[in-house]
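See below for the structure under consideration.
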């Protein structure tokens, strides 16, 4: 499947790093419409935009918006900007990245995790869905969440992530008549980045000849398939979910090498 909608506009939250940055680079290389990059890390966001702009013939089509997605007032401002600059949104990737465990969390942790896990996604959906309705073609939204969303694990995503999947189904039901598809992708560790700060991983990387080789050693021991889905794998699956050829909505695509089966 491909993204072949003419002059489509894509919006990506959590765009500065990880799968958000990977999808931004992918869409910039295959589509000629607008690209709106959202993240709270302004410096990392600007660095990504500079790299993408250097490789595209139309850098003016790329916009960066640095704000906290759990802030509805900032979303209101962002919505007005998108309306004025682009008029609509066709595709969106909404990232949910925080996690907490029930046993180890206190109310401070809960208060920190809930805004980015649920509030941020809800605010993103509330902003993006009307922008998709306005183009009269509908569109597609993919919410990215950790595989812990669907696996009972005290160190995993906990209640906010489970609630997130129900929120996605509710949004899909409400959006379907317009027609807007809303799906989720539950992913495992897509690359070595989350592990880099751990002393044990640093030692393994030194012995294995690099972070990527160390990550592959860990992956070989973890999920039933002996591999995690790499960032490129996840990007391809998101593109499939965004494509107009995809009939799925309200679904959660699990891409983690079978981690949730164990």
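Observations
- Per-pair calculated FRET efficiency, R0 = 41 Å: residue 126 and residue 46 via Cβ, rounded to 0.05: 0.95
- Computed from the Cα positions only, the extents of the stretch 1-56 along the three principal axes stand at 31, 21, 15 Å, in decreasing order.
- Taking other Cβ atoms within 10 Å as a rough exposure proxy, 182, 69 sort from fewest to most as 69, 182.
- Put the Cα centre of the stretch 2-53 next to the Cα centre of the stretch 64-78 and the gap is 16 Å.
- Each of 134, 124, 55, 40 has some number of other Cβ atoms within 10 Å of its Cβ, and from fewest to most they run 55, 134, 40, 124.
- Panel order for 215, 67, by other beta carbons found within 10 Å of each beta carbon, from fewest to most: 67, 215.
Only the coordinates and a few stated rules stand behind these numbers; no lab work does. All figures in this text were calculated on a predicted structure; none of them were measured in a lab. All Cβ positions, even for glycine, are placed from backbone atoms using ideal geometry, and neighbour counts span all protein chains on display.
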